[in-house]
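Let me begin by presenting the structure, written as structure tokens, before commenting on it.
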Amino acid sequence: MELIEKNIRPRDIVTREALENAAAVVAASGGSTNAALHLPAIAHECGIKFNLFDVAEIFKKTPYVADLKPGGRYVAKDMFEVGGIPLLMKTLLDNGHLHGNCLTVTGRTIAENLKSVKWNPHQDVVRPADNPITVTGGVVGLKGNLAPEGAIVKVAGMSNLKFTGPARCFDREEDAFEAVQKRTYKEGEVIVIRYEGPKGGPGMREMLATTAALTGQGMGGKVALITDGRFSGATRGFCIGHIGPEAAVGGPIGLLQDGDIIEIDADVGTLNVKLSDAELANRKTKWAPRATNHTTGALWKYAEQVGPAVDGAVTHPGGAHEKQCYADV
């Protein structure tokens with residue numbers, strides 16, 4: 001009611017700088033790769049251009065300071081008890097990693113809200129931003145001939161950020177999960193789960209069952225997994241999601257064959273397959289869209305309308321195309 005009285009609207013709060021702040025907090029806490037989907041979608045609603053690559057740029061320059069699971073030692077309740085998100089934001093602000101002038105729902109700025117927050121030296125859940133766990137965020141953006149529209153990987157708590165191996169391709173998560181259950185995959189392989197993107201799913205499911213099974217078998221660091229689908233914040237191991245363009249629209253991930261050598265380097269932010277441009281182009285001429293069971297109803301309608309993950313997998317033109325603000329009607 002106070003916001004209505006003061007006429008403070010979501011679009012007064014959700015600015016480009018506010019979105020950068022949100023990405024910084026995700027990076028500093030080793031948060032979910034899903035931020036690279038949700039933040040661009042929120043930006044789209046407000047008519048702001050802020051895609052996966054913009055999120056990845058913030059991740060790259062934000063220190064990782066909250067020692068949280070699954071990569072770290074503590075859980076969210078531990079962080080709450082030593083000062084919570086305000087403590088995390090305070091050290092980011094003090095070290096120049098947040099825009100303090102952004103308006104909040106209190107009617108005050110970020111800096112004003114954090115003015116009374118004092119650093120808690122009697123804890124090691126959250127490190128000072130000038131003495132971080134790692135100097136870059138817990139999530140990294142990737143790009144290459146296998147992901148021209150980008151991809152995302154959570155590296156918080158990982159020691160090895162490079163992986164090269166032969167592809168083992170699956171056209172849906174259930175098939176990959178069955179192979180993991182039966183242990184018909186090999187150590188050193190890159191498990192590829194495709195046709196699970198926004199259109200192909202339809203709806204970008206989380207590949208959590210397969211990654212959890214791999215971790216349970218002690219293979220988290222011995223294989224990699226790449227997908228045009230998503231992962232949850234609880235995913236462990238070398239798991240790359242949001243690969244675009246997705247397989248359903250003929251993206252390179254849909255052209256892969258078993259045995260193709262995939263090179264992942266989260267240090268420099270690359271994801272490539274060792275194939276020439278000519279070979280990829282030749283395979284594209286032979287590619288045909290995969291048949292779907294969703295030929296009617298809401299899922300068909302969603303698949304027809306949804307855009308790529310790089311822009312947040314949105315289904316309408318967004319705030320930039322509005323002729324009038326619905327809040328003024």
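For the chain, treating each Cα as an identical point scatterer without solvent, what Debye log10 I(q)/I(0) comes out at q = 0.06, 0.16 1/Å? The computed values of log10 I(q)/I(0) come out as -0.23, -1.33. Computed from the C-beta positions of LYS274 and ASN160, the FRET efficiency with R₀ = 30 Å rounds to 0.95.
Of all beta bridges DSSP finds with both residues in the chain, what is the antiparallel percent, to the nearest 5?
Roughly 60 percent of the DSSP beta bridges within the chain come out antiparallel.
Since only ALA179, GLY251, ILE264 are under comparison, the one whose Cα sits farthest along the positive direction of the charge dipole of the chain, derived from C-beta charges on Lys, Arg, Asp and Glu, is ALA179. For the chain, the Cβ-based charge dipole about the Cα centre amounts to some 280 debye (Lys, Arg positive; Asp, Glu negative; other atoms uncharged). Residues of the stretch 194-220 with an amide N closer than 19 Å to a point placed 7 Å from the Cα of GLN305 along the Cα-to-Cβ direction: 197-205.
For the Cα atoms of the chain, what angle does the longest principal axis make with the long axis of helix 52-61, in degrees from 0 to 90, nearest 10? The helix 52-61 is inclined about 60 degrees to the chain. Annotation: the antiparallel percentage among DSSP beta bridges lying fully within the stretch 155-241 is about 0. Computed from the alpha carbon atoms alone, the convex hull of the stretch 17-85 holds 90 Å³ per residue.
Using only side-chain charges placed at the Cβ, +1 for Lys and Arg and -1 for Asp and Glu, the dipole size of the stretch 117-242 relative to its Cα centre rounds to 180 debye. Please give the Cα centre distance for the stretch 310-329 versus the stretch 165-190, rounded to the nearest Å. What the calculation gives is 40 Å, centre to centre.
The Stokes-Einstein estimate for the stretch 232-329, based on a Kirkwood radius over Cα pairs and taken at 20 °C with 1.002 mPa s viscosity, is a diffusion coefficient of 127 µm²/s.
Residues CYS46, CYS102 ordered from highest to lowest accessible area at a 1.4 Å probe: CYS46, CYS102. Give, as ranges by residue number, the residues of the stretch 69-109 whose backbone N falls under 12 Å from the point 7 Å along Cα→Cβ of LYS61. Residues 96-99 fall inside that zone. Which one, LEU225, ALA18, TRP119, is farthest towards the positive end of the dipole of the chain when Lys and Arg carry +1 and Asp and Glu -1 on their Cβ? Of the listed residues, the answer is LEU225.
Rounded, prolate or oblate for the stretch 97-202? Axes are the square roots of the Cα gyration tensor eigenvalues, ordered a ≥ b ≥ c, and the cut-off for rounded is a/c under 1.5.
Prolate is the answer for the stretch 97-202, as a/c is 1.5 or above and a/b outweighs b/c.
Restriction of the trypsin sites (Lys or Arg not before Pro) in the stretch 233-329 to DSSP coil positions whose beta-carbon has at most 16 other beta-carbons within 10 angstrom yields LYS274, ARG290, LYS323.
Starting from the Cα-Cα distance between ARG108 and VAL82, subtract it from 0.36 nm times their residue separation and give me the gain in nm to one decimal.
Fully extending the segment from ARG108 to VAL82 adds 7.0 nm.
Once the Cα atoms are used to define both axes, helix 277-286 deviates from the longest principal axis of the chain by about 70 degrees. The amide H of VAL139, built 1.01 Å from its N in the peptide plane, has VAL155 as neighbours under 5 Å, considering only residues 5 or more places off or on other chains. Couplings for the stretch 152-164, taken from phi via the Karplus curve 6.51 cos²θ - 1.76 cosθ + 1.60 with θ = phi - 60°, read 9, 9, 8, 10, 4, x, 8, 9, 9, 9, 10, 7, 10 Hz in order; Gly and Pro are left as x.
Longest exposed-loop-site-free stretch of the chain, with GluC sites (Glu not before Pro), DSSP loop and at most 14 other Cβ within 10 Å? Longest run free of exposed loop sites: 1-186. For the stretch 199-329, the solvent-accessible area with a 1.4 angstrom probe is 49 square angstrom per residue. Note on ARG205 and GLU5: the model spin-label points, each 7 Å out from Cα along the C-beta direction, lie 4.9 nm apart. May I ask for the distance between the Cα centers of the stretch 1-45 and the stretch 129-164, given as a whole number of Å? Here the answer is 22 Å between Cα centres.
When the accessible area of the chain is split by element with a 1.4 Å probe, what percent falls to carbon and sulfur? In the chain, the share of accessible area belonging to carbon and sulfur is 54 percent.
The values are calculated or read from the model by the stated rules, or taken from the named source; none is laboratory data. All values reported here derive from a predicted model rather than from experimental measurement. Neighbour counts run over all protein chains shown; Cβ positions are idealised from the backbone, glycine included. Just so you know, the surface numbers come from the protein's heavy atoms only, side chains and all, with ligands and any DNA or RNA stripped out. Shrake-Rupley method; radii C 1.70, N 1.55, O 1.52, S 1.80 Å.
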